[in-house]
Amino acid sequence: MTSLPTIMSGILLMGHGGYDRLCFSDTIAVPDPVAGEVLIRVHAAAVNNTDLNTRLGWYSKGDAEAEDATWSGTALQFPRIQGADVCGEIVAVGDTVDPARIGERVLIEPSLHEANGAPLSTPWYFGSECDGGFAQYTRVAARYAHPINSPLSAVELASFPCSYSTAENMLTRAQLKAGETVLITGASGGVGSAAIQLAKARGAYVIAITSAAKADELRAIGADETLERATDLRKTPGMNSVDVVVDLVAGPAWPQLPDVLRPGGRYAVSGAIGGPMVELDVRTLYLKDLSFFGCTILEPQVFPNLVKLIETGKIRPLVAQTWPLQDIIEAQKAFESKSHIGKIVLEIP
């Protein structure tokens, strides 16, 4: 690493709380890759719900300052560099990693079973339990730095890792097949819009729940049908009409979702932006033989499959806005406004 800088710029999360907990610093030590790791020069990193939820302590089931206020339930160590969506270039390698990997353009798989050169007893999320990509350099186990061969820009590629792998994982867990019907809630967000494209790539019929203002854009990326958020789903699409539900919202309208599933239907969830507490009639669950999947840890095949879909052009990036790294607060405010479709991406200087 003699030719690399020892100090870098980045965004430090100083604790749980508001925007004031995000601090720009240009005196952060560049990390050293240990055995089995690579050092990556970050070119772009996208904003996602995990960043905001972790900062706010939303994951805690009690006090936001409690030790479970993180993605995995493990106490967060501050300061922390967040950022799970990363596109960059390998610039150095630790022991046991082939030096030929230096120069590779890579995407980082954010769901980790290994960090700091050792296996993890509880999976971590990149940018949560360990430092992520909101800085000029980051390190990760070499197996999670996936080479990518694509003409897309770094900003475009950074729109994929978290949202698209989450969506692909949900569809993988729910075993969505060609010819089946999938209902997607929160369809205009990063994961929802990714799920539309990925479901169409599988040959499914896609029903997307969104606002009227965003309906045309979602149909343009593959939705066969769009429904407004206030729609009575028991009437449209109707009871027992859907094979798979991909849910990112939960909230008060949730009891409709099991009702619209066909007998033997599958429900996959990876978000609760409408509220985490829902009411379930357990009789619906067992009398209809439904399967429920909570989706966080990626199945092993998910990220490699995603890279192939990107490289073959079967899915395309959806970049709503770009911001300089130092403007992360404005970028997160724009993200929270929910006025966009796709991803908001930070460019790293």
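Miscellaneous remarks
- Residues (open to solvent by 10 Å² or more (accessible area, probe 1.4 Å), over 15 Å from GLU37 (Cβ atoms) and within 18 Å of the chain's Cα centre (by Cα)) located in region 89-124: PRO123
- Qualifying residue in region 169-183 (condition: of a type outside the set (A, V, I, L, M) and modelled with pLDDT under 95): no
- Within region 241-252, the set of residues being more than 23 Å from the chain's Cα centre (by Cα) and part of a loop (DSSP other than H, G, I, E, B) comprises SER241, PRO252.
- Failed item in (1) open to solvent by less than 60 Å² (accessible area, probe 1.4 Å); (2) under 21 Å from ALA272 (Cα atoms); (3) at pLDDT below 95, with ALA75 passing the rest: (2)
- Among the residues of region 1-24, those that are under 25 Å from ALA141 (Cα atoms) and either of a type in the set (S, T, N, Q) or open to solvent by 20 Å² or more (accessible area, probe 1.4 Å) (or both) comprise MET1, THR2, SER3, LEU4, PRO5, THR6, ILE7, SER9, LEU12, MET14.
- A count restricted to region 150-190 and to residues that are within 20 Å of VAL260 (Cβ to Cβ) and touching a Gly at 6+ places or on another chain (Cβ under 8 Å) stands at 6.
- Boolean, TYR144 is surrounded by 23 or more Cβ atoms within 10 Å (Cβ to Cβ), of a type in the set (Phe, Trp, Tyr) and under 29 Å from ARG80 (Cα atoms): no
- When VAL269, VAL260 are screened for being over 30 Å from MET8 (Cβ atoms) and either open to solvent by less than 20 Å² (accessible area, probe 1.4 Å) or in contact with a Lys or Arg (Cβ under 6 Å, 6 or more places away or on another chain) (or both), only VAL260 passes.
- Selection status of GLU330, of a type outside the set (Lys, Arg), at pLDDT below 95, open to solvent by 20 Å² or more (accessible area, probe 1.4 Å) and in a helix (DSSP H, G or I): no
- Matching residues, region 147-167, being of a type in the set (S, T, N, Q) and either open to solvent by less than 10 Å² (accessible area, probe 1.4 Å) or closer than 19 Å to ALA201 by Cβ (or both): ASN149, SER150, SER159, SER163, SER165, THR166
- Selection count, region 170-190, where residues are within 24 Å of ALA46 (Cβ to Cβ) and surrounded by fewer than 24 Cβ atoms within 10 Å (Cβ to Cβ): 2
- Restricting region 274-319 to residues that are in a loop (DSSP other than H, G, I, E, B) and among the hydroxyl-bearing types (Ser, Thr, Tyr), the residue that is surrounded by the most Cβ atoms within 10 Å (Cβ to Cβ): THR296
- Filter pass, ALA230 being among the small types (Gly, Ala, Ser), out of contact with any Ser or Thr (no Cβ under 9 Å at 6 or more places or on another chain) and open to solvent by 10 Å² or more (accessible area, probe 1.4 Å): yes
The values are calculated or read from the model by the stated rules, or taken from the named source; none is laboratory data. What you are looking at is a predicted structure, and each value in this text was computed from that prediction instead of being measured. Quick reminder, even Gly has a Cβ in these numbers, built from the backbone with ideal geometry, and neighbours come from all protein chains shown. Surface areas here come from the heavy atoms of the whole protein model, side chains and all, with no ligands, DNA or RNA. Shrake-Rupley method; radii C 1.70, N 1.55, O 1.52, S 1.80 Å.
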